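The values are calculated or read from the model by the stated rules, or taken from the named source; none is laboratory data. Note that the structure is predicted; figures quoted are calculated from it, not measured. Note: ideal-geometry Cβ built from the backbone for every residue, glycine included; neighbour counts use all protein chains shown. The protein model used for the area step is the full one, side chains on, heavy atoms only, and it has no ligands, DNA or RNA in it. Shrake-Rupley method; radii C 1.70, N 1.55, O 1.52, S 1.80 Å.
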Amino acid sequence: MNQYDETERTFAALPPARGRGFALTWWGRAWLKALEDAALDTAQVKTGRRLARAGAVGAVSVRPGRITAVVQGREDTAHRADVLLDELSAAQWDRFLEMAVERAGHVAALLDREMPPHLVEDAATAGVELLPGMGDLEPTCDCGAWDHCGHTAALCYQVARLLDEDPFLLLLMRGRGERALLTDLQNRTATPAQERPEERSEPEGVDALEAFAAGDILPSLPAPPGLPAEPGLPPTVDTEAPPVPGVEPAALEFLAARTAVAAHRLLSEALRAGVAVEELTMSQDAVRLAAGAPEPPLADRLAEGSGRSPDELVAAVRAWQYGGVAGLSALEEEWAVQGEALARARAALEAAWDDGERPALRAEGNRWTVVGAPGQLRLGRDGRWWPYRNEAGRWVPVGGGDQDPATALAATEDAPESCPIRFPAPPGAAFI
(Lines give C-alpha, C1' and ligand atoms only; values in the text may rest on other atoms or scores of the structure.)
Protein backbone atom coordinates (compact mmCIF):
# COMPACT_ATOMS: atom_id res chain seq x y z
CA MET A 1 0.00 0.00 0.00
CA ASN A 2 2.67 2.50 0.93
CA GLN A 3 6.38 2.64 1.59
CA TYR A 4 7.16 3.59 5.20
CA ASP A 5 10.16 5.05 7.00
CA GLU A 6 10.47 7.49 9.87
CA THR A 7 11.01 10.67 7.86
CA GLU A 8 9.05 10.05 4.66
CA ARG A 9 6.01 8.07 3.60
CA THR A 10 5.15 7.46 -0.05
CA PHE A 11 1.66 6.41 -1.14
CA ALA A 12 0.84 4.84 -4.48
CA ALA A 13 -1.54 6.72 -6.75
CA LEU A 14 -5.14 6.39 -5.59
CA PRO A 15 -7.95 5.35 -7.94
CA PRO A 16 -10.35 7.99 -9.29
CA ALA A 17 -12.73 9.41 -6.67
CA ARG A 18 -15.89 9.45 -8.78
CA GLY A 19 -19.05 9.17 -6.74
CA ARG A 20 -17.45 9.98 -3.38
CA GLY A 21 -16.18 12.95 -1.44
CA PHE A 22 -12.52 13.71 -0.89
CA ALA A 23 -12.79 14.24 2.86
CA LEU A 24 -15.10 12.10 4.97
CA THR A 25 -13.64 13.09 8.37
CA TRP A 26 -13.86 16.46 10.06
CA TRP A 27 -10.08 16.89 10.03
CA GLY A 28 -9.92 16.04 6.32
CA ARG A 29 -12.56 18.70 5.65
CA ALA A 30 -10.59 21.19 7.78
CA TRP A 31 -7.53 20.49 5.60
CA LEU A 32 -9.52 21.26 2.43
CA LYS A 33 -11.03 24.37 4.01
CA ALA A 34 -7.50 25.75 4.47
CA LEU A 35 -6.96 25.30 0.73
CA GLU A 36 -10.35 26.59 -0.45
CA ASP A 37 -10.39 29.64 1.84
CA ALA A 38 -6.92 30.81 0.82
CA ALA A 39 -6.92 30.16 -2.94
CA LEU A 40 -7.27 33.41 -4.86
CA ASP A 41 -8.56 31.71 -8.02
CA THR A 42 -11.55 29.46 -7.32
CA ALA A 43 -11.40 28.20 -10.91
CA GLN A 44 -8.01 26.63 -10.15
CA VAL A 45 -9.51 24.93 -7.08
CA LYS A 46 -12.30 23.47 -9.23
CA THR A 47 -9.71 22.32 -11.78
CA GLY A 48 -7.72 20.64 -9.01
CA ARG A 49 -10.82 18.88 -7.70
CA ARG A 50 -11.61 17.64 -11.21
CA LEU A 51 -8.04 16.38 -11.76
CA ALA A 52 -8.01 14.59 -8.41
CA ARG A 53 -11.42 13.04 -9.07
CA ALA A 54 -10.16 11.77 -12.45
CA GLY A 55 -7.12 10.08 -10.86
CA ALA A 56 -4.52 12.45 -12.33
CA VAL A 57 -2.43 12.61 -9.12
CA GLY A 58 0.51 10.22 -9.02
CA ALA A 59 2.30 8.77 -5.99
CA VAL A 60 2.21 11.15 -3.02
CA SER A 61 5.27 11.72 -0.84
CA VAL A 62 4.69 13.04 2.68
CA ARG A 63 7.61 14.30 4.77
CA PRO A 64 8.23 17.01 7.36
CA GLY A 65 7.18 20.37 5.98
CA ARG A 66 6.31 19.16 2.47
CA ILE A 67 4.02 16.99 0.35
CA THR A 68 4.91 16.18 -3.25
CA ALA A 69 3.32 14.47 -6.26
CA VAL A 70 3.44 14.48 -10.06
CA VAL A 71 0.09 15.61 -11.49
CA GLN A 72 -1.06 15.10 -15.08
CA GLY A 73 -2.51 18.34 -16.46
CA ARG A 74 -5.21 18.87 -19.06
CA GLU A 75 -2.76 18.68 -21.96
CA ASP A 76 -1.31 15.38 -20.66
CA THR A 77 1.74 17.26 -19.39
CA ALA A 78 3.22 16.13 -16.10
CA HIS A 79 3.98 18.73 -13.43
CA ARG A 80 5.71 18.34 -10.09
CA ALA A 81 3.52 19.92 -7.42
CA ASP A 82 4.66 20.65 -3.87
CA VAL A 83 2.74 22.08 -0.93
CA LEU A 84 4.69 23.34 2.08
CA LEU A 85 3.50 23.44 5.69
CA ASP A 86 5.50 24.91 8.57
CA GLU A 87 7.01 22.38 10.97
CA LEU A 88 6.47 22.77 14.70
CA SER A 89 9.36 24.19 16.68
CA ALA A 90 11.11 22.19 19.41
CA ALA A 91 9.29 24.25 22.04
CA GLN A 92 5.93 23.55 20.41
CA TRP A 93 6.65 19.83 20.30
CA ASP A 94 7.53 19.92 23.99
CA ARG A 95 4.21 21.56 24.80
CA PHE A 96 2.33 19.08 22.62
CA LEU A 97 4.03 16.08 24.26
CA GLU A 98 3.32 17.41 27.76
CA MET A 99 -0.33 17.85 26.81
CA ALA A 100 -0.50 14.35 25.31
CA VAL A 101 1.06 12.76 28.41
CA GLU A 102 -1.59 14.38 30.59
CA ARG A 103 -4.40 13.18 28.32
CA ALA A 104 -3.60 9.60 27.33
CA GLY A 105 -6.93 9.28 25.52
CA HIS A 106 -5.66 11.60 22.78
CA VAL A 107 -2.79 9.25 21.92
CA ALA A 108 -5.11 6.24 22.03
CA ALA A 109 -7.40 7.98 19.54
CA LEU A 110 -4.50 8.69 17.18
CA LEU A 111 -3.45 5.04 17.34
CA ASP A 112 -7.02 4.18 16.29
CA ARG A 113 -6.53 6.59 13.35
CA GLU A 114 -8.94 9.11 14.84
CA MET A 115 -8.39 12.79 15.62
CA PRO A 116 -10.94 13.87 18.22
CA PRO A 117 -11.77 17.59 18.24
CA HIS A 118 -10.62 17.85 21.87
CA LEU A 119 -7.08 16.86 20.83
CA VAL A 120 -6.87 19.78 18.39
CA GLU A 121 -8.51 22.16 20.89
CA ASP A 122 -6.18 21.14 23.74
CA ALA A 123 -3.15 21.46 21.46
CA ALA A 124 -4.28 24.95 20.40
CA THR A 125 -4.67 25.90 24.07
CA ALA A 126 -1.04 24.83 24.53
CA GLY A 127 -0.03 27.10 21.63
CA VAL A 128 0.28 24.33 19.04
CA GLU A 129 -1.78 24.53 15.83
CA LEU A 130 -1.98 21.06 14.29
CA LEU A 131 -4.42 21.69 11.45
CA PRO A 132 -3.47 24.28 8.83
CA GLY A 133 -5.34 27.55 8.71
CA MET A 134 -5.96 29.98 5.89
CA GLY A 135 -2.70 30.66 4.06
CA ASP A 136 -0.73 27.92 5.82
CA LEU A 137 -0.59 25.64 2.73
CA GLU A 138 2.12 27.24 0.58
CA PRO A 139 2.06 25.99 -3.05
CA THR A 140 4.94 25.59 -5.48
CA CYS A 141 4.66 24.01 -8.93
CA ASP A 142 6.92 23.78 -11.96
CA CYS A 143 4.05 25.08 -14.13
CA GLY A 144 5.08 28.53 -12.93
CA ALA A 145 1.94 29.54 -11.03
CA TRP A 146 2.62 31.82 -8.04
CA ASP A 147 -0.59 30.86 -6.19
CA HIS A 148 -2.42 27.56 -5.96
CA CYS A 149 -2.79 26.09 -9.43
CA GLY A 150 -4.85 23.10 -10.50
CA HIS A 151 -1.89 20.80 -9.83
CA THR A 152 -1.26 21.85 -6.21
CA ALA A 153 -5.00 21.93 -5.52
CA ALA A 154 -5.33 18.38 -6.89
CA LEU A 155 -2.49 17.30 -4.57
CA CYS A 156 -4.29 18.82 -1.57
CA TYR A 157 -7.53 17.03 -2.46
CA GLN A 158 -5.68 13.72 -2.74
CA VAL A 159 -3.91 14.24 0.59
CA ALA A 160 -7.32 14.84 2.23
CA ARG A 161 -8.20 11.24 1.33
CA LEU A 162 -4.95 10.02 2.90
CA LEU A 163 -5.56 12.05 6.06
CA ASP A 164 -8.99 10.41 6.38
CA GLU A 165 -7.22 7.08 6.77
CA ASP A 166 -4.29 8.19 8.95
CA PRO A 167 -4.21 11.52 10.84
CA PHE A 168 -0.62 10.72 11.91
CA LEU A 169 0.35 12.04 8.46
CA LEU A 170 -0.50 15.53 9.68
CA LEU A 171 1.98 15.14 12.56
CA LEU A 172 4.60 13.90 10.08
CA MET A 173 4.07 17.06 8.01
CA ARG A 174 4.49 19.06 11.20
CA GLY A 175 7.90 17.42 11.74
CA ARG A 176 7.53 14.25 13.83
CA GLY A 177 6.96 10.69 12.57
CA GLU A 178 4.75 8.22 14.35
CA ARG A 179 7.54 6.09 15.83
CA ALA A 180 9.55 9.08 17.05
CA LEU A 181 6.43 10.60 18.58
CA LEU A 182 5.50 7.41 20.43
CA THR A 183 9.09 6.98 21.64
CA ASP A 184 9.10 10.53 23.03
CA LEU A 185 5.80 9.89 24.79
CA GLN A 186 7.08 6.65 26.28
CA ASN A 187 10.21 8.36 27.57
CA ARG A 188 8.15 11.09 29.22
CA THR A 189 5.76 8.66 30.90
CA ALA A 190 8.44 6.25 32.18
CA THR A 191 8.66 6.35 35.98
CA PRO A 192 12.22 6.54 37.33
CA ALA A 193 13.28 3.89 39.79
CA GLN A 194 12.63 4.89 43.40
CA GLU A 195 15.61 5.29 45.64
CA ARG A 196 15.69 3.13 48.76
CA PRO A 197 14.51 5.25 51.72
CA GLU A 198 16.82 5.71 54.65
CA GLU A 199 16.11 3.62 57.69
CA ARG A 200 14.11 5.51 60.21
CA SER A 201 11.96 4.73 63.16
CA GLU A 202 8.30 4.21 62.28
CA PRO A 203 5.80 6.42 64.07
CA GLU A 204 3.27 4.77 66.29
CA GLY A 205 0.40 5.94 64.08
CA VAL A 206 -0.57 7.87 60.94
CA ASP A 207 -2.55 11.08 60.89
CA ALA A 208 -5.97 10.32 59.36
CA LEU A 209 -6.10 13.50 57.26
CA GLU A 210 -2.67 12.78 55.78
CA ALA A 211 -3.65 9.20 55.00
CA PHE A 212 -6.85 10.30 53.29
CA ALA A 213 -5.02 12.91 51.23
CA ALA A 214 -2.33 10.51 50.05
CA GLY A 215 -3.50 9.22 46.67
CA ASP A 216 -0.94 6.45 46.55
CA ILE A 217 -2.51 4.57 49.45
CA LEU A 218 -5.15 3.29 47.09
CA PRO A 219 -4.44 0.65 44.45
CA SER A 220 -4.67 1.83 40.85
CA LEU A 221 -7.94 1.24 39.09
CA PRO A 222 -8.08 -1.75 36.75
CA ALA A 223 -8.15 -1.10 33.03
CA PRO A 224 -11.68 -0.80 31.62
CA PRO A 225 -12.92 -3.85 29.72
CA GLY A 226 -12.55 -3.76 25.98
CA LEU A 227 -15.46 -3.29 23.62
CA PRO A 228 -16.97 -6.65 22.59
CA ALA A 229 -16.56 -7.47 18.92
CA GLU A 230 -20.33 -7.59 18.44
CA PRO A 231 -23.51 -7.13 20.48
CA GLY A 232 -24.50 -9.93 22.80
CA LEU A 233 -27.47 -12.22 22.23
CA PRO A 234 -30.30 -11.87 24.77
CA PRO A 235 -31.67 -15.10 26.23
CA THR A 236 -34.67 -16.60 24.51
CA VAL A 237 -38.11 -16.18 26.02
CA ASP A 238 -39.44 -19.25 24.24
CA THR A 239 -40.36 -21.41 27.24
CA GLU A 240 -43.06 -23.90 28.05
CA ALA A 241 -44.86 -21.37 30.22
CA PRO A 242 -47.66 -19.50 28.43
CA PRO A 243 -47.00 -15.80 27.80
CA VAL A 244 -48.53 -13.16 30.02
CA PRO A 245 -51.65 -11.63 28.39
CA GLY A 246 -50.66 -8.61 26.31
CA VAL A 247 -47.01 -9.69 25.87
CA GLU A 248 -45.86 -11.08 22.51
CA PRO A 249 -42.71 -13.24 22.88
CA ALA A 250 -41.54 -12.54 19.31
CA ALA A 251 -41.87 -8.79 19.79
CA LEU A 252 -40.10 -8.96 23.16
CA GLU A 253 -37.18 -10.97 21.72
CA PHE A 254 -36.83 -8.52 18.83
CA LEU A 255 -36.87 -5.53 21.18
CA ALA A 256 -34.24 -7.13 23.44
CA ALA A 257 -31.97 -7.87 20.46
CA ARG A 258 -32.21 -4.30 19.15
CA THR A 259 -31.57 -2.95 22.63
CA ALA A 260 -28.36 -4.98 22.78
CA VAL A 261 -27.30 -3.49 19.42
CA ALA A 262 -28.06 0.03 20.64
CA ALA A 263 -26.17 -0.57 23.90
CA HIS A 264 -23.13 -1.80 21.93
CA ARG A 265 -23.22 1.36 19.77
CA LEU A 266 -23.58 3.65 22.79
CA LEU A 267 -20.67 1.94 24.55
CA SER A 268 -18.43 2.25 21.49
CA GLU A 269 -19.24 5.97 21.27
CA ALA A 270 -18.67 6.46 25.00
CA LEU A 271 -15.20 4.89 24.73
CA ARG A 272 -14.21 7.32 21.99
CA ALA A 273 -13.07 10.72 23.26
CA GLY A 274 -15.06 13.73 22.13
CA VAL A 275 -18.07 11.87 20.73
CA ALA A 276 -21.46 13.07 21.94
CA VAL A 277 -24.17 10.44 22.20
CA GLU A 278 -27.25 11.65 20.37
CA GLU A 279 -30.61 11.11 22.06
CA LEU A 280 -33.32 9.91 19.69
CA THR A 281 -36.94 10.97 19.59
CA MET A 282 -39.63 8.28 19.74
CA SER A 283 -40.22 8.65 15.99
CA GLN A 284 -36.50 8.30 15.20
CA ASP A 285 -36.13 5.35 17.53
CA ALA A 286 -38.96 3.57 15.74
CA VAL A 287 -36.98 3.85 12.49
CA ARG A 288 -33.85 2.57 14.25
CA LEU A 289 -35.79 -0.46 15.44
CA ALA A 290 -37.26 -1.03 11.99
CA ALA A 291 -33.73 -1.03 10.54
CA GLY A 292 -33.23 -4.30 12.44
CA ALA A 293 -35.42 -6.11 9.89
CA PRO A 294 -38.42 -7.09 12.04
CA GLU A 295 -41.06 -9.53 10.84
CA PRO A 296 -43.91 -7.85 8.86
CA PRO A 297 -46.37 -7.72 11.78
CA LEU A 298 -43.79 -5.93 13.96
CA ALA A 299 -42.83 -3.59 11.12
CA ASP A 300 -46.50 -2.64 10.71
CA ARG A 301 -46.76 -1.87 14.41
CA LEU A 302 -43.62 0.29 14.26
CA ALA A 303 -45.04 2.17 11.26
CA GLU A 304 -48.33 2.81 13.05
CA GLY A 305 -46.64 3.80 16.30
CA SER A 306 -44.36 6.29 14.51
CA GLY A 307 -47.19 7.88 12.53
CA ARG A 308 -45.97 6.57 9.17
CA SER A 309 -47.46 4.35 6.52
CA PRO A 310 -45.62 1.05 5.84
CA ASP A 311 -44.14 2.53 2.64
CA GLU A 312 -43.06 5.67 4.48
CA LEU A 313 -41.36 3.58 7.15
CA VAL A 314 -39.48 1.59 4.51
CA ALA A 315 -38.22 4.84 2.93
CA ALA A 316 -37.26 6.14 6.39
CA VAL A 317 -35.25 2.97 7.04
CA ARG A 318 -33.28 3.44 3.82
CA ALA A 319 -32.57 7.08 4.74
CA TRP A 320 -31.48 5.95 8.23
CA GLN A 321 -29.11 3.39 6.77
CA TYR A 322 -27.44 6.10 4.68
CA GLY A 323 -27.09 8.74 7.38
CA GLY A 324 -28.81 8.11 10.70
CA VAL A 325 -30.64 11.11 12.15
CA ALA A 326 -29.23 13.48 9.51
CA GLY A 327 -30.28 11.17 6.67
CA LEU A 328 -33.78 10.82 8.14
CA SER A 329 -34.08 14.60 8.46
CA ALA A 330 -33.16 15.04 4.77
CA LEU A 331 -35.97 12.65 3.85
CA GLU A 332 -38.74 14.06 6.00
CA GLU A 333 -37.90 17.72 6.64
CA GLU A 334 -38.51 20.44 4.08
CA TRP A 335 -37.34 23.93 5.05
CA ALA A 336 -36.78 27.31 3.48
CA VAL A 337 -33.12 28.01 2.71
CA GLN A 338 -32.53 31.69 3.39
CA GLY A 339 -29.85 34.21 4.29
CA GLU A 340 -26.37 32.85 4.96
CA ALA A 341 -27.45 29.23 4.38
CA LEU A 342 -28.74 30.15 0.92
CA ALA A 343 -25.54 32.05 0.07
CA ARG A 344 -23.42 29.06 1.08
CA ALA A 345 -25.60 26.68 -0.90
CA ARG A 346 -25.34 28.80 -4.04
CA ALA A 347 -21.57 29.11 -3.62
CA ALA A 348 -21.23 25.33 -3.25
CA LEU A 349 -23.32 24.72 -6.38
CA GLU A 350 -21.34 27.34 -8.30
CA ALA A 351 -17.98 25.77 -7.36
CA ALA A 352 -19.02 22.14 -7.87
CA TRP A 353 -18.94 22.09 -11.68
CA ASP A 354 -16.87 23.69 -14.40
CA ASP A 355 -18.61 26.20 -16.65
CA GLY A 356 -20.90 24.44 -19.10
CA GLU A 357 -21.01 21.21 -17.08
CA ARG A 358 -23.48 22.28 -14.38
CA PRO A 359 -26.90 20.61 -14.76
CA ALA A 360 -30.04 22.73 -14.75
CA LEU A 361 -31.50 22.67 -11.23
CA ARG A 362 -34.92 23.81 -10.03
CA ALA A 363 -34.98 24.85 -6.37
CA GLU A 364 -37.92 24.32 -4.02
CA GLY A 365 -37.05 24.92 -0.37
CA ASN A 366 -34.02 22.80 0.50
CA ARG A 367 -34.50 20.56 -2.55
CA TRP A 368 -32.80 21.08 -5.92
CA THR A 369 -34.28 18.89 -8.69
CA VAL A 370 -32.42 18.21 -11.94
CA VAL A 371 -34.50 19.46 -14.86
CA GLY A 372 -35.26 16.67 -17.28
CA ALA A 373 -33.64 13.93 -15.17
CA PRO A 374 -34.77 11.79 -12.20
CA GLY A 375 -32.15 13.23 -9.83
CA GLN A 376 -32.50 15.52 -6.84
CA LEU A 377 -30.24 17.06 -4.19
CA ARG A 378 -31.52 17.78 -0.69
CA LEU A 379 -29.59 20.19 1.53
CA GLY A 380 -29.34 19.27 5.19
CA ARG A 381 -29.09 21.85 7.95
CA ASP A 382 -25.47 20.71 8.49
CA GLY A 383 -24.53 21.80 4.96
CA ARG A 384 -24.35 18.30 3.45
CA TRP A 385 -26.09 17.39 0.18
CA TRP A 386 -28.15 14.17 0.05
CA PRO A 387 -28.79 12.40 -3.29
CA TYR A 388 -32.32 11.29 -4.25
CA ARG A 389 -33.73 9.64 -7.35
CA ASN A 390 -37.30 9.44 -8.63
CA GLU A 391 -38.41 5.84 -8.90
CA ALA A 392 -41.98 4.96 -9.78
CA GLY A 393 -43.12 8.46 -8.89
CA ARG A 394 -41.43 8.55 -5.44
CA TRP A 395 -38.21 10.27 -4.39
CA VAL A 396 -35.96 7.72 -2.67
CA PRO A 397 -32.50 8.21 -1.08
CA VAL A 398 -29.64 6.59 -2.99
CA GLY A 399 -26.55 7.63 -1.02
CA GLY A 400 -25.02 9.35 1.97
CA GLY A 401 -24.60 13.08 2.45
CA ASP A 402 -21.59 14.93 1.03
CA GLN A 403 -20.19 18.46 1.28
CA ASP A 404 -19.69 18.47 -2.51
CA PRO A 405 -23.00 18.63 -4.45
CA ALA A 406 -21.39 17.21 -7.60
CA THR A 407 -20.24 14.13 -5.71
CA ALA A 408 -23.68 13.70 -4.19
CA LEU A 409 -25.43 14.07 -7.53
CA ALA A 410 -23.10 11.48 -9.07
CA ALA A 411 -24.59 8.94 -6.68
CA THR A 412 -27.96 9.34 -8.41
CA GLU A 413 -26.31 8.26 -11.66
CA ASP A 414 -23.96 5.56 -10.33
CA ALA A 415 -26.59 3.72 -8.24
CA PRO A 416 -28.21 0.64 -9.84
CA GLU A 417 -31.15 1.22 -12.15
CA SER A 418 -33.49 -0.25 -9.56
CA CYS A 419 -32.79 0.72 -5.98
CA PRO A 420 -35.40 -1.24 -4.00
CA ILE A 421 -36.12 -0.29 -0.42
CA ARG A 422 -36.86 -3.40 1.54
CA PHE A 423 -36.30 -5.28 4.75
CA PRO A 424 -33.90 -6.55 5.94
CA ALA A 425 -31.19 -3.92 6.10
CA PRO A 426 -28.42 -4.29 3.48
CA PRO A 427 -25.12 -5.75 4.79
CA GLY A 428 -22.80 -3.18 6.32
CA ALA A 429 -25.51 -0.64 7.16
CA ALA A 430 -23.75 1.94 9.30
CA PHE A 431 -26.65 3.13 11.43
CA ILE A 432 -28.23 0.26 13.34
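Before moving on, here are some points about what is shown:
- DSSP-assigned coil residues among trypsin sites (Lys or Arg not before Pro) in the range 19-92, each with at most 16 further Cβ atoms within 10 Å: Arg74
- Protection proxy ranking, highest mean first, for peptides 57-65, 311-319: 311-319, 57-65, where packing is the per-residue count of other beta-carbon atoms within 10 Å, averaged.
- GluC sites (Glu not before Pro) within the range 75-127, DSSP loop, no more than 13 other Cβ atoms inside 10 Å: Glu75
- Glu413 paired with Thr10, simple spin-label distance in nm, labels 7 Å along Cα-to-beta-carbon: 3.5
- Difference of contour (0.36 nm per residue) and Cα-Cα distance, Arg74 to Asp285: 71.0 nm
- Between the C-alpha center of the range 126-191 and that of the range 314-357 there is a gap of 30 Å.
- Protein heavy-atom accessible surface, 1.4 Å probe, per residue over the range 275-418: 49 Å².
- The stretch between Ala91 and Ala341 holds 85.9 nm of extra length on full extension. This uses 0.36 nm per residue minus the Cα-Cα distance.
- Ligands, DNA and RNA are left out, and with a 1.4 angstrom probe the accessible area of the range 8-87 is 45 Å² per residue.
- If you sort Asp136, Asp355, Asp402 by accessible surface, 1.4 Å probe, largest first, the order is Asp355, Asp136, Asp402.
- Using 0.36 nm per residue and subtracting the Cα-Cα separation, the extra length available between Glu165 and Glu333 on full extension is 57.2 nm.
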